[in-house]
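The values are calculated or read from the model by the stated rules, or taken from the named source; none is laboratory data. Only a predicted model underlies this, so the values are computations on that prediction, with no experimental measurement involved. Quick reminder, even Gly has a Cβ in these numbers, built from the backbone with ideal geometry, and neighbours come from all protein chains shown.
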Amino acid sequence: MEIGVVVLLWLFICLQLFVISGYLSLPNSKKKYTQTLPHLAILVPARNEAQNIAACLESLLQLNYPSQNLEIWIGNDQSTDETAQIVAKYAQKHPHIHLYSVQNTIGSARAKGNVLAHLVKMSTAPYIFVTDADISVGKNWLNQLLSYLQEPGVGMVSGTTLVKGVGFLQEGQSLDWILGNGYLIGLNQLGLKSTAVGNNMAFTREAYLSTGGYENMPFSVTEDFQLFTAIAAKGFKTHNLMDRASLNLSKPQTEFKKLLHQRKRWMMGAQDLPWYWAIIFGVQAFFYFGLLLMFWLNPNMALTIWVIKWFLQQTYLALIHIKLNQKLPVVAFISYELYALLMHFAMIAFYIYPTKMDWKGRKYSLLF
């Protein structure tokens, strides 16, 4: 038994090295802003986002792109708060901001995918950008993603999103997002592409329409992965970016229960990821259990593996913060292993607990 546990634990270390090697193969980050300024559409699904939507709209108004070449569509997804009223006030002042209230479903589209299906039909631009209502976009977000999206054969581009918050729970989420993006980018560089980031992505209308749109796709709680897979299946190239120019900032989950539901949603969506992600998630899920068992079987070996894992993890976090030109939260950085340990066991327990995932007031079963 000890040999099997040791092999799986060292496999996790190898996985970390594998991902970091992919990250280190990234070309030097340079601003690659487009020289042309085509008409663009920005789509923002919003359900009960009264506390967030104004900050999102303010960031969209600060974009380094001429407003006459923009159409911003906010999809009000049957909100029961003041979301629609707030957006309506902005729309009165800014002609390129539009409020659209979603009242029905199109085909098989549901939830966020249904909102996007409606908004794509309402918009007219050949290039479509998507973000969330709790996001503040960077001033050069459009320019950077567009410059890659205009390359021949490219159908989708995705940037990096960073959570910004204060305190153990919120700063821990920030480092979680960084590592998640780090895995995505590292594996992508090694040819193992998997998904886009739903609050920081863009696609061509041509690529989207070639898939039949969300209304012709099976429902998924992770609509970004669903669209990424469909576009790639049609032969379009994709890019996943990690640089300061394409960075968006997200608000954190402020309640632990909501955080668990968010993570459960991601884990539900991960069921459809490529086979190699099943191996990755399996190795990750086993690590702390295996480490505890190894401390009982061979304490010295367990400590050695834990120290190596911690060193690689923290090094990767520091490297990504440097690349994104972001200040590293020192206290969270030091205590992150404790956060990761607690979240690891909490998420496994919550994932197998027989309760539906609650997201934006809607409940979804584990399997579809």
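From 283, 197, grab the single residue that is β-branched (Val, Ile, Thr) and touching a strand residue (DSSP E or B) at 6+ places or on another chain (Cβ under 9 Å). Give the steps one after another, and end with the answer.
Details: 283 fails: touching a strand residue (DSSP E or B) at 6+ places or on another chain (Cβ under 9 Å).
Answer to the check: 197.
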Practice task
Please state which one of 163, 157, 137, 197 is surrounded by fewer than 21 Cβ atoms within 10 Å (Cβ to Cβ) and either in contact with a helix residue (DSSP H, G or I) (Cβ under 6 Å, 6 or more places away or on another chain) or under 30 Å from residue 25 (Cα atoms) (or both).
Solution key: 163
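Listed here are the residues, each with its yes/no results for (1) in a loop (DSSP other than H, G, I, E, B); (2) of a type in the set (Lys, Arg); (3) without any contact (Cβ under 8 Å) to a residue 60 or more places away in the chain.
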| site | (1), (2), (3) |
| --- | --- |
| 17 | no, no, no |
| 50 | yes, no, yes |
| 63 | yes, no, no |
| 68 | no, no, yes |
| 79 | yes, no, yes |
| 87 | no, no, yes |
| 99 | no, no, yes |
| 108 | yes, no, no |
| 112 | no, yes, no |
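Could you check region 301-356 and list, in sequence order, the residues that are among the aromatic types (Phe, Trp, Tyr) and in a helix (DSSP H, G or I)?
The initial filter retains those residues of region 301-356 that are among the aromatic types (Phe, Trp, Tyr), namely 306, 310-311, 316, 333, 336, 339, 345, 350-351, 353.
Selection gives 306, 310, 311, 316, 333, 336, 339, 345, 350, 351.
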Exercise for the section: Give just the number: which of (1) touching a helix residue (DSSP H, G or I) at 6+ places or on another chain (Cβ under 7 Å); (2) under 22 Å from residue 222 (Cα atoms); (3) part of a helix (DSSP H, G or I) does residue 171 not satisfy? Expected result: (2)
Fill in the blank from the handout: Taking region 1-20 and keeping only residues that are under 25 Å from residue 190 (Cβ atoms) and not hydrophobic (A, V, I, L, M, F, W, C), one is left with 16
Exercise for the section: Take the residues in region 232-290 that are in contact (Cβ under 8 Å) with a residue 24 or more places away in the chain, part of a helix (DSSP H, G or I) and among the small types (Gly, Ala, Ser), then tell me which one is farthest from residue 222 (Cα to Cα). Expected result: 290
Fill in the blank from the handout: Note on residue 42: of the conditions (1) outside any strand (DSSP E or B); (2) touching a helix residue (DSSP H, G or I) at 6+ places or on another chain (Cβ under 8 Å), unmet is (1)
Handout entry: Failed item in (1) modelled with pLDDT of 95 or more; (2) under 19 Å from the mean Cα position of the chain (by Cα); (3) small (Gly, Ala, Ser), with residue 75 passing the rest
Key = (2)
